[in-house]
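Right, I'll just put the structure down here and ask away after.
The values are calculated or read from the model by the stated rules, or taken from the named source; none is laboratory data. If you're wondering where the values come from, they're calculated on a predicted model, not measured in any experiment. Please note: Cβ atoms are built from the backbone with ideal geometry, for glycine as well, and neighbour counts cover all protein chains shown.
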Amino acid sequence: MSYDVVVIGAGPAGSAAAYECARQGLSTLCIEEHGTIGYPVQCAGLLSNTAFAECRVSERSVLNKVSGARVISGMGSEILIDAKTTKAVVVDRGALDREMAESAANAGAEFRLRTAAYDLLGTTLMTRGTNGREKIPFRLLIAADGPRSTIARLCKMPRAKTYLAGIQVDLLHECDPRFVEIYPDASPDFFGWMIPAGDGRVRIGLCGQYQVPERFAAFQKKFGTNATHLVTGTLPLGLMPKTYGPRTLFVGDAAGFAKPTSGGGVYTGIRSARHAAAVAASCCETDTFTEAALGKYEQRWQADIGRELDFGFRIFQMRQKISAPDMDVLIRALNDPDIIRTIVEYGDMDHPGVLIKKLLCKPAILRCAAPLLRSGLLSLFP
Ligand SMILES: Cc1cc2nc3c(=O)[nH]c(=O)nc-3n(C[C@H](O)[C@H](O)[C@H](O)COP(=O)(O)OP(=O)(O)OC[C@H]3O[C@@H](n4cnc5c(N)ncnc54)[C@H](O)[C@@H]3O)c2cc1C
């Protein structure tokens, strides 16, 4: 049987794409190389309220709700941001991914598990899995096959600009369940985190470009070593230069949609998937798969999240130049009642640009402008 759309990968981006395609009446197949959707988990599971709403699931996967964050410098300064209302949820990503896949299946998408795509011959996808080797004809492919995207490699697409490695463990550890803790110096080119995951458990992790296992071993010592769950993963940052190829649209981590400021990729991955599904529906309806027709996908996501992702990548580049002493100065400067009020009012994990622009107008921040100037951050603004 030939499908209108074949989606590769049943992560949040793949299931969101499959759901939207099926809902619009397209014959849709989603293939997933693993036997259980959502495993292995490669995520800290922290989602802003907006990101969680974008998943369109029940609260079944929610383990904890957080209202703020404590940012702790390696040199002793710290700041507490408490919005006194839920700002984000901590989820069981395995459960979340499965519920999203169930919604897509209920909308009419067909799922084939333990089935991996390994080659492309024109409009035929080659897979191997429980049914042996299969040739699956399609009209359009949506590649949602994550950071190592086989489809991007087969299409010879230039990839994301930067890849971060991440390590995280779950531990039993006492903490205030209302607050995430951020440790910028635990990983000087990104950051480390402690996320309360309910029932006295926390997720301790970091992402970075260099010496990640060594940094993680040093960081974990603060919290204990009896881990009950270990996660390792890759985070592509900086979008691939072109997010579509012949009869193919790339969504989620396969295209590098994760936010370069936080590493969060669920929200942007799902947004990209919805745009891909809308373009898939229009291409299938008009039987037009030209460069111009597929290019509408890029126009759509650019208009929605393109500016924020571009701005975020510039912030990520600036962050590489902020030393530990400069970070300490910045955290001290942020610890001011007016600034904390501004962070509570404008802080948005999915759109950090708005807050950063507001903060750079504050006298207390401008007083510590030396580290900002050294990092080049102020040059972002006219
Ligand atoms: C340590 C770490 C912590 C993170 N924490 C957060 C966080 O707190 N919040 C957040 O929003 N984001 C977080 N992220 C990022 C987030 O996990 C990803 O951005 C998100 O999972 C991307 O979704 P996706 O659907 O594009 O890809 P994935 O979730 O990677 O799904 C891709 C799917 O494709 C399947 N697949 C791959 N190749 C094939 C093939 N050839 N054939 C068939 N199937 C295939 C895979 O098995 C997988 O199921 C974190 C990432 C890391 C590494």
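Which members of segment 46-56 meet the condition of being within 14 Å of the ligand (Cβ to nearest atom) and either in contact (Cβ under 8 Å) with a residue 24 or more places away in the chain or crowded, with 18+ Cβ neighbours inside 10 Å (or both)?
Leu46, Leu47, Ser48, Asn49, Thr50, Ala51, Phe52, Glu54, Cys55
Would you confirm whether or not segment 62-79 contains a residue that is within 10 Å of the ligand (Cβ to nearest atom) and not β-branched (Val, Ile, Thr)?
Among the residues of segment 62-79, not one is within 10 Å of the ligand (Cβ to nearest atom) and not β-branched (Val, Ile, Thr), which makes the answer no.
Okay, next question. Does segment 29-44 contain any residue that is assigned by TED's automatic domain parsing to the domain that holds Gly269, more than 19 Å from the chain's Cα centre (by Cα), crowded, with 24+ Cβ neighbours inside 10 Å and assigned to a helix (DSSP H, G or I)?
Within segment 29-44 (the criterion being assigned by TED's automatic domain parsing to the domain that holds Gly269, more than 19 Å from the chain's Cα centre (by Cα), crowded, with 24+ Cβ neighbours inside 10 Å and assigned to a helix (DSSP H, G or I)), the answer is no, since none of the residues qualifies.
Here's another thing I want to ask about it. Starting from residues that are closer than 15 Å to Leu309 by Cα and of a type in the set (A, V, I, L, M, F, W, C), keep the ones in segment 348-366 and report whichever is modelled with the highest pLDDT.
Step by step, filter segment 348-366, then rank; the result is Leu355.
So Ala17 ticks every box in (1) more than 16 Å from the ligand (Cβ to nearest atom); (2) in contact with a Gly (Cβ under 9 Å, 6 or more places away or on another chain) but one. Which box is left unticked?
(1)
On to the next question. So which residues in segment 344-354 are touching a residue at least 12 places away in the same chain (Cβ under 8 Å), hydrophobic (A, V, I, L, M, F, W, C) and within 19 Å of Phe316 (Cα to Cα)?
Selection gives Met349 alone.
Those residues that are within 10 Å of the chain's Cα centre (by Cα) and of a type in the set (A, V, I, L, M), I need them from segment 246-269; list them, please.
Ala258, Val266
Do any strands (runs of 3 or more DSSP E) lying entirely in segment 124-211 carry at least 3 residues that are over 20 Å from the mean Cα position of the chain (by Cα) and more than 13 Å from the ligand (Cβ to nearest atom), and which ones are they?
The qualifying strands (runs of 3 or more DSSP E) are 132-143.
Let me ask something else about it. If you go through segment 261-298 one residue at a time, how many are touching a His at 6+ places or on another chain (Cβ under 9 Å) and without any contact (Cβ under 8 Å) to a residue 12 or more places away in the chain?
Number satisfying all stated conditions: 0.
Any idea which residue in segment 224-242 is farthest from the chain's Cα centre (by Cα), counting only those that are away from the ligand (no atom under 12 Å from the Cβ) and buried (at least 19 other Cβ atoms within 10 Å of the Cβ)?
Residue satisfying both the conditions and the ranking: Met240.
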